[in-house]
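Undergrad: Quick one: structure below, then a few questions.
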Amino acid sequence: MATPTASRSDAPVKPKLIVFDLDYTLWPFWVDTHVDPPFTLAKDGKVYDSHRRHVTYYPQVPEVLQNLHSQGYQLGIASRTSCRQEANELIHLFKWDRFFHFREIFPGSKTTHFRKLQKSSGFEYEDMIFFDDEHRNVVEVEQLGVLCIFVEDGVTKSLVQNALEQFANKRKMSSKHKEF
């Protein structure tokens, strides 16, 4: 008779794709109205807009992105802006290019962003987490089956950790219901 061992189902369930909005989620401004391109990376290591205003991100974002990336998570962007080039330029200047596997940056409904993310990634909506600062986006995308997290004052380590735990718990409860 075989001895019982810990099953794989005991391991926390992880999302296959973690998606972030940009404006007021990763950085504290709207890229289409609050900053003015072109942007430059100065010798001091800071990014400035055309009026020499310092352009920055929420303080914990680089560490959050680095941690998720180093843990093997696939990361994406879903941003509703007409300033695609400017958003991508800032991502590049902030040295975040290596973190994002998928980018959907264009005006329109976030459900369209997620349909494209689902198609390009091959991941099911239930395998995704989305962080956004706008309730309408959270409500829209949640209807697809994505776990959506409302961001009040920028992405933080604790917000992401809580979201990962919420995702694991949701999936654990979902699998228990399927057993009955």
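Undergrad: Which pairs have Cβ atoms under 8 Å, sit 6 or more apart or on different chains, and link a residue in the stretch 144-160 that is closer than 12 Å to TYR58 by Cα to one that is polar (S, T, N, Q) and part of a loop (DSSP other than H, G, I, E, B)?
TA: Pairs that qualify, where the first residue is closer than 12 Å to TYR58 by Cα and the partner is polar (S, T, N, Q) and part of a loop (DSSP other than H, G, I, E, B), are VAL151/THR25; GLY154/THR25; GLY154/GLN60; VAL155/THR25; VAL155/GLN60; THR156/GLN60; LYS157/GLN60.
Undergrad: Looking at the stretch 1-38, which of the residues that are open to solvent by 60 Å² or more (accessible area, probe 1.4 Å) and of a type in the set (D, E, K, R) is modelled with the lowest pLDDT?
TA: Selected residue: ARG8.
Undergrad: I need every pair where a residue in the stretch 72-100 that is open to solvent by 30 Å² or more (accessible area, probe 1.4 Å) has its Cβ under 8 Å from the Cβ of a residue that is charged (D, E, K, R) and assigned to a loop (DSSP other than H, G, I, E, B), sequence separation at least 6 or different chains.
TA: From the stretch 72-100, the pairs are GLN74/LYS16; ARG80/ASP21; SER82/ASP32; GLU86/ASP32.
Undergrad: Still on this structure: Mind checking whether some residue in the stretch 103-126 is among the β-branched types (Val, Ile, Thr) and more than 20 Å from PHE29 (Cβ to Cβ)?
TA: yes
Undergrad: Further question on the same structure: Can you say whether LEU41 is open to solvent by 70 Å² or more (accessible area, probe 1.4 Å), in contact (Cβ under 8 Å) with a residue 12 or more places away in the chain and of a type in the set (A, V, I, L, M), as far as the supplied structure shows?
TA: Against the criterion (open to solvent by 70 Å² or more (accessible area, probe 1.4 Å), in contact (Cβ under 8 Å) with a residue 12 or more places away in the chain and of a type in the set (A, V, I, L, M)), LEU41 qualifies.
Undergrad: Restricting to the stretch 123-141, and then to whatever is farther than 21 Å from TYR58 by Cβ and of a type in the set (A, V, I, L, M, F, W, C), can you tell me which residue is most open to solvent (accessible area, probe 1.4 Å)?
TA: So the residue we want is VAL139.
Undergrad: Could you check LYS119 against (1) exposed (fewer than 15 other Cβ atoms within 10 Å of the Cβ); (2) touching a residue at least 12 places away in the same chain (Cβ under 8 Å); (3) not acidic (Asp, Glu) and say which number it fails?
TA: (2)
Undergrad: Can you name the residue in the stretch 62-71 that is assigned to a helix (DSSP H, G or I) and of a type outside the set (Val, Ile, Thr) and, of all such residues, is surrounded by the fewest Cβ atoms within 10 Å (Cβ to Cβ)?
TA: Within the stretch 62-71, the match that is surrounded by the fewest Cβ atoms within 10 Å (Cβ to Cβ) is SER70.
Undergrad: How many of the residues in the stretch 100-117 are under 19 Å from CYS83 (Cβ atoms) and not in a strand (DSSP E or B)?
TA: Here the count works out to 8.
The values are calculated or read from the model by the stated rules, or taken from the named source; none is laboratory data. None of the values given here were measured: they were computed from a predicted structure. Cβ sites come from the backbone with ideal geometry, for glycine too, and all protein chains shown count toward neighbours. Just the protein is used for accessible areas: all its heavy atoms, side chains included, with ligands, DNA and RNA removed. Shrake-Rupley method; radii C 1.70, N 1.55, O 1.52, S 1.80 Å.
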